[in-house]
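What follows is a set of notes on a single structure, which appears directly below.
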Amino acid sequence: MKRSEFKLRILLVVGIFICGVLLFAILYPKGEDSRLSDLGEDGSGKISWSDTLTNKSSAYEPLAPMDRRIENFMQRFGLRGVQIAVTRNDSLLYTRGYGWADQETGVLMDASHVMRIASVSKLVTAVAVMKLVEQGKLSLNSLVTGPKGILNDKDILDAIGDERLDSLTVDHLLQHFGGFSNRKGDPMFNIRDLVLENHLTTPPTPREITKLVFSRKLAAAPGVRRHYSNFGYMLLSLVIEKVTGKDYWEFVNEEVLGPAGVPTFFAATNYYNQKGESEVKYYAADDEIVEEFNGSDKMVPRAYGGNDYNALMGGGGWVASAAGLSRLVAAIDGDPGVPDILSPKSISLMTALDPDDKLNIARGWAKIEKDGRWIRTGTLCSSHALIERFPNGECWIILTNTGVWTGPRFSSDMRRLVDSLRATYSHLLPSRNLY
């Protein structure tokens, strides 16, 4: 080859390279509109483990019979959509959706969809409280209200109708020992009654709900009798806000979800046209039309306007995916695969087991079994949720976008399904980590 021809070829290659660089710069400019800047929620250009998670991520032929078992379960209970995630030793082995995310618009449930997680939100709130304890901003024995309490603003103190509230502690709320009465119904699911009884023109805010409940007599002194309380965990949300000076949702995202590497958690909304990106459509068990929670006298679908889901805050107001929840559990389980965001002491306190099995002293978790299982369930008219973590490091999570008429009892059916699936398919789960 002549030297002139060689130089010509070199110049041609260099010219093609420069043209390629210029073309790339045109297609992917720097700045806010750059496609590269859209990769990753933090705008860093890094792709999160959840960004590419789809049903295809878990395509695995040996588990096709398990998928059919889940679909049969859905048909039996009339579930429009279901999502599942399975981890072992802090590795995400399997996650996918089944059925419909939104049947009317033809959207199939995928692993990336999110939905209301009901009382599983309490686990999130408990983690946030334990973070504050570790930071020295709270103690489990901190008084919640009264002159020496955290919520000691004059309007709240003036509302108190039972002096026994002065002994209410953070730990009482975590363990459902607040002593609150549901004689008039659960205040968090009776917003319309609060509006009508108190002649309100707008639905009460969480702070206003607090004052209305504080004006009532307690069913028992704090610490005497356990009674499950959605209100108690909403109250913890206000405690978090007062102690940190931050919005509850903001604090949890910054101090819990972010450090845990958890994607796509956000606050629940009340109406279909308010739903977030990738959020499913919800279906109540009976498709019943009810009176709107705000006292408007309008008739609305129970799943959209029947309750004030956002006001639940840390008692039931989060929206998430099964895979996202699995990552949170991995960050608070003591296993080394995913770095824990809580100390071993905090994890131990959250999973405490009463040696006499007379009291459920778990914090955030719904129940700690003697065999070492950690259980958290959640129920709304439009969704159900189950987290079940086993002593061998395996964790199964199921979410639905459909309510079942048996309400909280449906959690037992979900647990039986998990037991059946584990017994048959656990050994077939692939050795991989989708995180």
Cleavage-rule hits (trypsin sites (Lys or Arg not before Pro)) in region 344-390: DSSP loop, at most 11 neighbouring Cβ within 10 angstrom: 358, 370
Dipole magnitude (debye, nearest 20) for region 210-365, charges at Cβ of Lys, Arg, Asp, Glu: 580
Three-way shape label, region 214-370, alpha-carbon gyration tensor, a/c 1.5: oblate
Estimated 222 nm signal from helices in the chain, with DSSP H stretches of n ≥ 4 weighted -39500 (n - 2.57), rounded to 500: -9000 deg cm²/dmol
For region 261-308 versus region 177-226, the gap between their alpha-carbon centres in whole angstrom: 22
For residue 81, distant residues with modelled amide H under 5 Å away: 100, 401, 402
Low-density loop positions, trypsin sites (Lys or Arg not before Pro), region 122-210 - DSSP coil, at most 11 other Cβ in 10 Å: 148, 183
Global geometry of the chain, whether rounded, prolate or oblate, following the gyration tensor of its Cα atoms and the 1.5 cut on a/c: prolate
Positive minus negative residues near residue 130 (Lys, Arg vs Asp, Glu; Cβ under 10 Å): +2
Folded to 0 to 90 degrees: helix 121-134 orientation relative to the chain principal axis, Cα: 90
Region 358-435: GluC sites (Glu not before Pro) in DSSP coil with no more than 16 other Cβ atoms inside 10 Å: 369
The chain: relative contact order in percent, alpha carbon pairs under 8 Å with at least 6 residues between: 22
Per residue accessible area of the chain, 1.4 Å probe, in Å²: 46
Estimated FRET transfer efficiency (residue 247, residue 61; beta-carbon r; R0 41 Å; 0.05): 0.35
Net +/- balance of residues flanking residue 196 in space, Cβ distance below 13 Å, scoring K and R +1, D and E -1: -3
Amide proton proximity set for residue 114, modelled H, under 5 Å, gap of 5+: 279, 280
Charge tally in the Cβ shell below 12 Å around residue 60, where Lys, Arg are +1 and Asp, Glu are -1, residue 60 excluded: +1
Backbone HN-Hα couplings from phi across region 254-271 [Karplus 6.51/-1.76/1.60, Hz, Gly and Pro as x]: 6, 9, 10, 5, x, x, 7, x, 8, x, 6, 9, 8, 6, 5, 10, 9, 10
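The values are calculated or read from the model by the stated rules, or taken from the named source; none is laboratory data. Given the structure is predicted, the values throughout are model-derived calculations rather than measurements. Note that we place each Cβ from the backbone using ideal geometry, even for glycine, and neighbour counts take in every protein chain shown. Heads up: the accessible areas ignore ligands, DNA and RNA and are worked out on the full protein's heavy atoms, side chains in. Shrake-Rupley method; radii C 1.70, N 1.55, O 1.52, S 1.80 Å.
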